[in-house]
Amino acid sequence: RVRLPRDVREEIDPPEAEAVEATVGAMAPRYRLPVVVLDATGMRVGELEGLTWGDLDAPHDRWRVARQREKSRRGRWVPVPAQVFAAVDALVPREDRDLDARVFGWLKQANLRREIARACKATGTPLWSPHDLRHRRISLLHREGVSWAQIGEWLGQRDIATTANRY
């Protein structure tokens with residue numbers, strides 16, 4: 001029998017607030033709000049790409065990630081800070097919305113990554129990815145004292161123990 005070396009996981013190093021703010025400030029305006037949403041909610045880019053106007057729940061400042069768009073295929077409700085929710089809600093007047101239309105219909109993950117890389121280079125900040133914002137949100141929620149169970153529910157984590165061990 002041959003024993004392979006154990007896989008050593010890379011330590012998670014999410015971007016600092018200053019790096020995110022500097023990078024967002026250097027981005028093209030159309031990419032700023034999606035990045036702020038990712039940072040504020042910890043959503044995956046694919047989940048944000050698929051967000052429709054019908055998924056918004058204005059009275060509760062949250063939106064739904066439908067089963068077909070979520071990695072764990074369970075679906076969930078994501079709480080959204082009031083200011084971020086208001087900024088998204090203001091994109092299209094409610095009476096003009098098609099509930100099946102995507103909120104960020106133009107957003108593509110590859111283009112977002114390219115814009116982040118361009119802005120990081122322009123500001124001299126270390127390169128980070130949209131998924132790093134997810135790590136950042138999980139770390140911040142944990143630091144605020146939110147339980148692992150609640151974090152797992154909000155962010156669609158399948159295994160709470162793995163999440164707790166990772167962070």
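Per residue, how large is the accessible surface of the chain? Use a 1.4 angstrom probe and give square angstrom. Please report the intermediate quantities before stating the final value.
Values: 10080 Å² over 167 residues.
Solvent-accessible surface per residue comes out at 60 Å².
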Spelling it out for Arg102: with amide H atoms placed in the peptide plane at 1.01 Å from N, the residues 5 or more places away or on another chain with amide H under 5 Å from its amide H are none
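At a threshold of 8 angstrom on Cα-Cα distance, excluding pairs fewer than six apart, so keeping six or more, what relative contact order does segment 28-73 reach in percent? Could you put the intermediate results ahead of the total?
Values: 23 pairs, mean separation 11.3, N = 46.
Relative contact order, segment 28-73: 25 percent.
Please sort 20-28, 87-95, 75-83 by packing, taking for each peptide the average over its residues of neighbouring beta carbons within 10 angstrom, highest first. Could you put the intermediate results ahead of the total?
Working: 20-28: 17.2, 87-95: 12.2, 75-83: 15.4.
Ranked by mean Cβ neighbours within 10 Å, highest first: 20-28, 75-83, 87-95.
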How many nm is it between the label spots at Ala117 and Arg102, if each spot is 7 Å from the Cα in line with the beta carbon? 2.0 nm
Peptides 116-129, 40-53 ordered by average Cβ neighbours within 10 Å, highest first: 40-53, 116-129
What do you get when you divide the Cα radius of gyration of the chain by 2.2 N^0.38 Å, with N the number of residues? 1.10
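Please give the length that would be gained between Ala90 and His142 if that part of the chain were fully extended, namely 0.36 nm times their separation in residues minus their C-alpha to C-alpha distance (nm, one decimal).
Values: separation 52, 0.36 × 52 = 18.72 nm, distance 3.02 nm.
Working it through step by step, the gained length comes to 15.7 nm.
Can you order the peptides 54-61, 148-155 by their average number of other Cβ atoms within 10 Å per residue, highest first? Write down the numbers at each step before the final one.
Numbers: 54-61: 14.1, 148-155: 17.4.
Top to bottom by mean Cβ count within 10 Å: 148-155, 54-61.
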Using the crude model of +1 on Lys and Arg Cβ and -1 on Asp and Glu Cβ, and no other charge, please compute the dipole size for the chain relative to its Cα centre, in debye to 20. 840 debye
Probe radius 1.4 Å, ligands and nucleic acids ignored: give me the carbon and sulfur share of the accessible area of the chain as a rounded percent. 49 percent
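The values are calculated or read from the model by the stated rules, or taken from the named source; none is laboratory data. Keep in mind that what you see is a predicted model, and the values were worked out from it rather than measured. Cβ: placed from backbone, ideal geometry, glycine included. Neighbour counts: every protein chain shown. These accessible areas exclude ligands, DNA and RNA; they are computed on the full protein's heavy atoms, side chains included. Shrake-Rupley method; radii C 1.70, N 1.55, O 1.52, S 1.80 Å.
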